[in-house]
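Accompanying notes for the structure given below.
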Amino acid sequence: MKSGFIAVVGRPNVGKSTLTNKLVNEKVAIVSDKAGTTRDSIKGILNHGGNQYIFIDTPGIHKPKHLLGEHMTNVAVRSLKEVEVIMFVLDGSQEISTGDKYVMDRILEADKTPRILIVNKIDKMSDEEIKVKKAEIEEKLGTFDRIVELSAEYSIGMYRVIEAIDPFLEEGVMYYPEDMYTDMPTYKVICEIVREKILTRTRDEIPHSIAIEIINVERRPNGKDKFDINIYVERNSQKGIIIGNRGEMLKEVGTEARKDIEELLGKKIYLNLWVKVKEKWRKKKPFLKEMGYYMEEE
Ligand SMILES: Nc1nc2c(ncn2[C@@H]2O[C@H](COP(=O)(O)OP(=O)(O)OP(=O)(O)O)[C@@H](O)[C@H]2O)c(=O)[nH]1
Ligand SMILES: [Mg+2]
């Protein structure tokens, strides 16, 4: 069998997580229209045609404004050195920017690793625009081993990704058991579910200012366990927004998250959400460490 690790990198919001989910056929990573949704690297594992493909979805590479942002970019850049193939994802409907060039420079540092350029969101592009894009890629970014145009959202062209990767995979071992599609522990998936429900309902600074932590799980004799989960925000005003008018917003988030968590665990649960203020947490190392957003070598 062939197997290998494939990094999925690019600027924020280009569709890396959507693509990873579609390739793996499972919801591995949360997705939103807010840049900076993914905060850590997440493995999505696909077993196909006797091969094992391990995709590493990464946070969008950007100019960091705080420690959390630094961690996010570090995680993505580090993944480039740990893989057999690099997939660089662009939003084809946008002009290639300095941000994309910055990503390209980091990729070039990984030297000889094969690189595949993914032009995503072609559902928003005409055939002519796709053709022009290829010239723009060569001019502004340079050459790639393969270029694949697709729409992750609408599952157009997904098989071409596999075809593009195959020549670069080597004979190897099965790194993960066949029924495993992610390396993310269940407690983390639960936190991400709650975070996603808030991301889709908020804007401006709030999506970036929330962190989620399970603080207690109480086993109940009726089998319906009780989860207490903290939602951290940076300011009191944000707390008010998340709770919403007469608690409406928090209630909606709770109901939706509970349903998804119940599906994940295959059983009913009680879910209590608490909103707490932790000022400027994105700049505080001990808190970031606690949340798993900081590593010693950073
Ligand atoms: N029209 C269109 N939208 C897409 C496509 N793929 C992703 N999107 C949308 O683009 C937005 C960002 O998608 P994500 O998958 O979260 O992007 P990301 O690159 O993982 O973003 P970060 O984690 O923030 O770096 C979401 O609103 C998606 O629905 C696509 O093929 N076409
Ligand atoms: Mg993402």
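The values are calculated or read from the model by the stated rules, or taken from the named source; none is laboratory data. What you see is a predicted model, and the numbers here were worked out from it, not measured in a lab. No Cβ is skipped: glycine too gets one built from the backbone with ideal geometry, and neighbour counts run over all protein chains shown. These area figures cover heavy atoms from the full protein model, side chains too; ligands, DNA and RNA do not enter into them. Shrake-Rupley method; radii C 1.70, N 1.55, O 1.52, S 1.80 Å.
Residue by residue, here is whether (1) among the aromatic types (Phe, Trp, Tyr); (2) under 30 Å from residue 269 (Cβ atoms) holds:
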site: 135; (1), (2): no, no
site: 167; (1), (2): no, no
site: 175; (1), (2): yes, no
site: 181; (1), (2): yes, yes
site: 194; (1), (2): no, yes
site: 209; (1), (2): no, yes
site: 226; (1), (2): no, yes
Checklist line | Count of residues meeting criterion [in contact (Cβ under 8 Å) with a residue 12 or more places away in the chain, open to solvent by 60 Å² or more (accessible area, probe 1.4 Å) and of a type in the set (Gly, Ala, Ser)] in the range 255-278 | finding: 0
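Residue by residue, here is whether (1) more than 6 Å from ligand 1 (Cβ to nearest atom); (2) more than 22 Å from residue 68 (Cβ to Cβ) holds:
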| residue | (1), (2) |
| --- | --- |
| 5 | yes, yes |
| 14 | no, no |
| 20 | yes, no |
| 36 | no, no |
| 40 | yes, no |
Next item on the list: For residues that are of a type in the set (A, V, I, L, M) and within 16 Å of ligand 1 (Cβ to nearest atom), scanning just the range 148-180, find the one that is farthest from residue 86 (Cα to Cα).
Entry: 156
Next item on the list: Give the number of residues within the range 232-253 that are open to solvent by 30 Å² or more (accessible area, probe 1.4 Å), more than 26 Å from the chain's Cα centre (by Cα) and over 21 Å from residue 291 (Cα atoms).
Entry: 5
